[in-house]
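Notes follow once the structure below has been shown.
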Amino acid sequence: MTAARFFRHETILAILTIVAMVVLASLSDKFFTADNLLNQGRLMAEVGLVSLAMTFVIVTGGIDLSVGSILGLTAILLGVFWKNVGLPLPAAMFLALACGTFAGWVNGFIITRFSVPPLIATLATLALYRGLAEGISEARSVRGYPEWFFFFGQGEVMGVPFQLWILGIATFVAAIILGLTPFGRATYAIGANEVAARFSGIRVNATKLWIYTGSGFCAALAAVIFVSRVTTTRSDMGTGLELDAITAVVLGGTSIFGGRGTIIGTALGLILIQALKNGLALSGVKGDGTIVVIGLVLIGAILVGALFDRNRGG
Amino acid sequence: MTAAVLSPGRSNLHRFLSGYGQEIVVLLAIVALFVVVGATNHRFLSNTNINSIFAGNAYIAIAAIGMSMVIMAGHIDVSVGALIGVIATIAGTLAVSDYPIWVAWLVPILFAIMVNAGVGTLVAYTRIPSIVVTLGMLSILKGGLISATAGEWISNLPPEFMIAQMRPFGIPSAVWFMVALTILAALFLRYTDFGRSIYAVGGNMEAARAAGINPERTVIGVFALHGLFAGIAGILFATQLQVIQSTVPPNLELTIITASVIGGVSILGGTGTVIGSTLAAILFACIGSALIFLNVSAYWLRAVLGLMILATVLADMIRRRRDT
Amino acid sequence: MRTEQIGDAAAAGAGLPIELRGISKSFAGIRVVNDVSFDMRPGEVHALMGENGAGKSTLIKVMAGLYQPDEGQILVNGAVVRFPSPKDAHAAGIATVHQELLLFPELTVAENIFLGQTPKTSFGTIDWQTMRQRSRQLLDSLDSGDLDIDQKVAHLSVGNRQRIEIARALAQDARVLIMDEPTAALAEHDVQRLMSIVRNLRKRGVAIVYVSHRMPEIFALADRVTVLRDGHLVATKPITEVDEPSLVSMMVGRAIDRLYPAKQGTDGEVILELGGVSHRSVVRDISFKLRRGEILGLAGLVGSGRTETALTIFGITPATEGRILIDGKPVTIASPEAARDLGIAYVPEDRAHQGLIRPQSIEDNIALANLKRLTRGIFIDAARVAAEARNAITRFGIRARGPEQLVRQLSGGNQQKVVLGKWLATNPRILIMDEPTRGIDVGAKAEIHQLMRRLAGEGMAILMISSELPEVLGMSDRVLVMNGGRIVGEFDREHATAEAVGTVMTRSFDREQAA
């Protein structure tokens, strides 16, 4: 928990990111241009938002596999509320956000009230929420959103994509909550030793419930941005998002066993992954080949972490 | 069941019912489904439909056998869907090349065993949770598959390669495989030391060590076995249709895990039977088919599955709480 | 065949199933077992007694092959042996019935008995028929004909599980059976049954090491008794040569009073009062009053309901019946948070698991129970956290590099001081200390005792739970004794003697329950 130790992991990661950037820039002259970087930032926002909440979840020693499904469900509901129910778009957005947040709350409720392991609980809701999205949409996509709506996914503020601002602010807020507030302390304590946290008067279940609800909210927010960016809703949106988010969090130095991790690490993990994806694609690696690299980087990072832990005698 | 004397106070029937409670529930559900849906729509009971329910989903049941063992040992594998996709593609590629057919069948299975033994080794010795290792494996397999094939379909498969479409004694070979492998696995789990040690390791790892079992070796063995079953499932999947799509079947791992869990395998490890998981796989297939015959949109199938897995898990947790 | 062997062994004397000579064992520089010799004769029940920390469990772990002795020899049948692992001890015929039963919940009774040595058919597969028959025979021979060998162990009672462990030991042809507090978790009728099984085993020539605190069992079963104290052998005597008071004084031994700090000041007004408080069946009808400035000792055996009572007061397992009053006002304590806000602090018995977050720093741990107070606006006030930690370090003399040092790097005594520091920073008025000096070396022990006395002198009301009788007697102004979830005795300082308290602790309360 000492600042020095955290600093070490993040420093390594930051150096790695910079090296990757330099190498990728030398492989393709299109990589290191303001346009490309800002565009990559735009693509990063959805995974990024989810990863921030996922950091909290994993720091408590849990996991949330249902985020991709929540994103899909929220997107579908947004379209349905607007097009089929006929609500004004702002109201539909608000309601869809509320539903996504509620989906996250349900995860937390199942996990805390019935002591279902988070892995299993969210695996079940992964199927359930995606199933609801498919059932409600019946594979029909919703299009034809008004022009102003595309601002969230395609607009720019002072030359920077709108959602990159959102991600930036969210990262800042998340970093402060996890690093500097009593809530953050409680999060770490629960992940490191849940029993001792409870014996110290920490409200363990309430904290977890907030975190899973927050995870649902972030996925829902990502859904709105996603829909706005691609101008359509489909029920398979966000499939596999959980993997990207978990990869970023774990790569960022958060222990999958809980108790350790930072938002800055997650942010660096995100940037590294996005840079690899984009850079490799620009240098001619075929689209999905980059996923292999990410899988390897994920296992490699944890392996190094585990060996490191063992050497410390943890 | 000649051992009535050995168990005073409880009838064999009682013991049978209490030992296979979950399986019997699933079996009854299947029967009820056939009766109810069959009564409303006779075509549900037609040969074609029953064939497609059983033969078309046998590979899921077979993969669920291996998954059940992994879960019994206290682990999970989310990469099995991608693995099956990769196996199918390797098998198809070999089949359209000049290799003998048995090479096209066996090489992918060996590949699956090796991949999963590797996963098992990582899980057993580094103590990295199986969810993380298999998530990583999922993306490696998936990415590898897509970038290697560029999504091209494999067609013109030689007819002698299509093992799933063969019909010994009038019953699709996929069904034979499903039945035979389920029985073999059940016998294996019951009559071998290794089979019993899976339950022991999943139930109480340190006690297993104290009883002279090597938990690491057991975990690696379980993953390798899981690879074997996934391999066979992959071959059946590959030979079902005239083309191999070279993609990862979406959410296949989820269906397989769900079959294992609903079939009576506790998600906390150490319990379960493979008969249950096979029955559960059949149940899903029946539900999927029944929804169509009842004019319910197939789009709701996954929501139904999600609800079922959630209900099973909650019931399991509540039962456990009552027990302690 | 077995009986012949026993006859030979008894005649030869060199054929003792196990003999320990001059065994010593240290952990982190502390000698836990010091030059202890111990032997078992075939067909005897040998009671091993001593307070917590006397070295009993270390000694039986040496016999079971879990620990390697630093000095001394182990002999089996007169030959010097070594047990590098539990397997080797098994092979030498030494089996253990563990306190936390090591069974597999999802395997059947028969399988649990034979796991690791299942009978095989000629095909190399498990021979269920033989396994079930032999299990049946083994259980029948243990008067457990009612146990269903095909049932999964998950649903069995503790008593039944214990019988399975014993059957497992017999299936391994054990000649020595180590039973570690076998009755600690048993209901009364199971205790009777266990005792008849032990007699049965003795008849069959099995040597039984019987570790227990309970006097009635010892006198009913044992042939010889060995008492350990502070890692030393006090004596090994035939049971006929000792009685209850002499055993207690052998165990307690040292002069108590001068080791403990004297009381300062007088008791104040009643601050905590319990009236008929119960939690399910583990805490039953507890009533007592606790005054400011008082140290109230709660004595009893493990499992007697002491810790459970503390957990109920602290809101971990809220009271299901009865009322709790603080300053004469009834309060509801539904969570540890509520307890803390009412001025109750609990220093738990399991420091590593319940008390501390060991991978975190001293300051993080101390802040944990005080987050509300150490927050300014929405932020944790890092400066105040550090100041609080430094304050605790100086106040309690925690030997650490600084507030950032990780708790797991500290010694047991210093870890305990961190727990204390965390809770005293909440400014409690009622301090519950569960096994305050368990696993702490002698020097740190005295410091903790001094500190408790000082806090009481400043007006703190302290409820102390301890399994060490000298500590209870030396520290407490008043002693409550628990047994079977109830308070069964109360002694003031003058009347709380080792014999009196020890007797009430270890008595089995059939009479009391009938009354």
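The values are calculated or read from the model by the stated rules, or taken from the named source; none is laboratory data. Quantities reported herein were computed from a predicted structural model and do not represent experimental measurements. Every residue, glycine as well, gets a Cβ built from its backbone with ideal geometry; the counts of neighbours run over all protein chains shown.
Looking across the range C:445-488, the residues that are closer than 21 Å to C:VAL419 by Cβ, in contact with a strand residue (DSSP E or B) (Cβ under 9 Å, 6 or more places away or on another chain) and in a helix (DSSP H, G or I) come down to C:ILE448, C:MET452, C:ARG453, C:LEU455, C:ALA456, C:GLU471, C:VAL472, C:MET475. Within the range A:114-151, restricting attention to residues that are assigned to a helix (DSSP H, G or I) and free of Cβ contacts under 8 Å to residues at least 40 places away in the same chain, the residue that is farthest from A:GLY79 (Cα to Cα) is A:ILE120.
Residues in the range A:152-162 that are without any contact (Cβ under 8 Å) to a residue 24 or more places away in the chain and part of a strand (DSSP E or B) were compared, and the one that is surrounded by the most Cβ atoms within 10 Å (Cβ to Cβ) is A:GLU156. C:SER287 falls short of the stated requirement of being without any contact (Cβ under 8 Å) to a residue 60 or more places away in the chain, assigned by TED's automatic domain parsing to the domain that holds C:THR309, assigned to a strand (DSSP E or B) and under 26 Å from the mean Cα position of the chain (by Cα). Of all residues in the range B:124-168, how many are within 11 Å of another protein chain (Cβ to nearest Cβ) and crowded, with 17+ Cβ neighbours inside 10 Å? Looking only at that region, the number is 23.
Just wondering, is there one or more residues in the range C:326-349 that are within 24 Å of C:LEU473 (Cα to Cα), in contact with a helix residue (DSSP H, G or I) (Cβ under 9 Å, 6 or more places away or on another chain) and charged (D, E, K, R)? There is at least one residue in the range C:326-349 that is within 24 Å of C:LEU473 (Cα to Cα), in contact with a helix residue (DSSP H, G or I) (Cβ under 9 Å, 6 or more places away or on another chain) and charged (D, E, K, R).
Residues are listed down the side, and each one gets a yes or a no for (1) under 17 Å from B:SER130 (Cα atoms); (2) surrounded by fewer than 24 Cβ atoms within 10 Å (Cβ to Cβ); (3) away from chain C (no Cβ under 14 Å):
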{"site": "B:TRP176", "(1), (2), (3)": "no, yes, yes"}
{"site": "B:VAL179", "(1), (2), (3)": "no, yes, yes"}
{"site": "B:ALA224", "(1), (2), (3)": "yes, yes, yes"}
{"site": "B:GLY227", "(1), (2), (3)": "yes, no, yes"}
{"site": "B:GLY231", "(1), (2), (3)": "no, no, yes"}
{"site": "B:GLN240", "(1), (2), (3)": "no, yes, yes"}
{"site": "B:PRO250", "(1), (2), (3)": "no, yes, yes"}
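Whether a residue is of a type outside the set (Phe, Trp, Tyr) and either surrounded by 20 or more Cβ atoms within 10 Å (Cβ to Cβ) or more than 14 Å from chain C (Cβ to nearest Cβ) (or both) was assessed, and A:GLY265 passes this test.
Residue count for the range C:403-420 satisfying the condition of being surrounded by 21 or more Cβ atoms within 10 Å (Cβ to Cβ) and either touching a His at 6+ places or on another chain (Cβ under 9 Å) or in contact (Cβ under 8 Å) with a residue 40 or more places away in the chain (or both): 7.
Can you confirm whether C:SER135 is touching a residue at least 24 places away in the same chain (Cβ under 8 Å), farther than 22 Å from C:ILE60 by Cα and more than 11 Å from chain B (Cβ to nearest Cβ)?
Details: touching a residue at least 24 places away in the same chain (Cβ under 8 Å): yes; farther than 22 Å from C:ILE60 by Cα: yes; more than 11 Å from chain B (Cβ to nearest Cβ): no.
Judged against the criteria, C:SER135 is not a match.
Of the residues making up the range C:177-227, those that are small (Gly, Ala, Ser), within 21 Å of C:LYS237 (Cβ to Cβ) and over 20 Å from the mean Cα position of the chain (by Cα) are C:ALA207, C:ALA220, C:ALA222.
In the condition set (1) surrounded by fewer than 24 Cβ atoms within 10 Å (Cβ to Cβ); (2) within 30 Å of C:THR96 (Cα to Cα); (3) away from chain C (no Cβ under 14 Å), B:GLY195 is compliant with all but (3). Screening the range A:195-213 for residues that are among the hydroxyl-bearing types (Ser, Thr, Tyr) and more than 16 Å from C:VAL347 (Cβ to Cβ) and picking the one that is nearest to the other protein chains (Cβ to nearest Cβ) gives A:THR207.
A single member of A:LEU298, A:LEU276 is touching a residue at least 12 places away in the same chain (Cβ under 8 Å), under 30 Å from A:ARG185 (Cβ atoms) and within 14 Å of chain B (Cβ to nearest Cβ), and it is A:LEU298.
When you check A:ALA170 against the structure, is it within 13 Å of another protein chain (Cβ to nearest Cβ), more than 20 Å from A:PRO90 (Cα to Cα) and touching a helix residue (DSSP H, G or I) at 6+ places or on another chain (Cβ under 8 Å), yes or no? No, not satisfied. Just one of the listed residues (C:ALA345, C:ALA400, C:ALA392) is more than 9 Å from chain A (Cβ to nearest Cβ), within 24 Å of C:THR317 (Cβ to Cβ) and either in contact (Cβ under 8 Å) with a residue 60 or more places away in the chain or crowded, with 18+ Cβ neighbours inside 10 Å (or both), and it is C:ALA345.
In the range B:141-160, of all residues being without any contact (Cβ under 8 Å) to a residue 60 or more places away in the chain and touching a Ser or Thr at 6+ places or on another chain (Cβ under 9 Å), the one that is nearest to B:GLN242 (Cα to Cα) corresponds to B:ALA150.
Residues are listed down the side, and each one gets a yes or a no for (1) free of Cβ contacts under 8 Å to residues at least 24 places away in the same chain; (2) away from chain B (no Cβ under 11 Å); (3) within 21 Å of C:ALA171 (Cα to Cα); (4) not in a strand (DSSP E or B):
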position	(1), (2), (3), (4)
C:LEU59	no, yes, no, yes
C:LEU66	yes, no, yes, yes
C:PHE83	yes, yes, yes, yes
C:GLU106	no, no, yes, yes
C:GLU111	yes, no, yes, yes
C:GLN117	no, no, yes, yes
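The one condition from (1) at pLDDT 85 or above; (2) on the phi > 0 side of the Ramachandran plot that B:ALA112 does not meet is (2). For C:PRO428, the requirement of being in a loop (DSSP other than H, G, I, E, B) and modelled with pLDDT of 90 or more is met. Listed by first and then second residue, the pairs linking a residue in the range A:163-174 that is free of Cβ contacts under 8 Å to residues at least 40 places away in the same chain to a residue that is of a type in the set (Val, Ile, Thr), with Cβ atoms under 9 Å apart and 6 or more places separating them unless they lie on different chains, are A:TRP165/A:VAL157; A:GLY168/A:VAL160; A:PHE172/A:ILE263. Hey, does the range C:119-128 have a residue that's at the interface with chain B (Cβ under 9 Å from one of its Cβ atoms), touching a residue at least 12 places away in the same chain (Cβ under 8 Å) and of a type outside the set (A, V, I, L, M, F, W, C)? There is no residue in the range C:119-128 that is at the interface with chain B (Cβ under 9 Å from one of its Cβ atoms), touching a residue at least 12 places away in the same chain (Cβ under 8 Å) and of a type outside the set (A, V, I, L, M, F, W, C). For the condition of a type in the set (A, V, I, L, M), part of a helix (DSSP H, G or I) and either under 17 Å from A:LEU272 (Cβ atoms) or within 14 Å of chain C (Cβ to nearest Cβ) (or both), A:ALA45 qualifies. Residue count for the range C:85-104, restricted to those that are on the phi < 0 side of the Ramachandran plot, touching a strand residue (DSSP E or B) at 6+ places or on another chain (Cβ under 8 Å) and part of a loop (DSSP other than H, G, I, E, B): 3. Going by the conditions given, is B:LEU254 in contact with a helix residue (DSSP H, G or I) (Cβ under 8 Å, 6 or more places away or on another chain), within 8 Å of another protein chain (Cβ to nearest Cβ) and closer than 30 Å to B:MET162 by Cβ? In short, yes.
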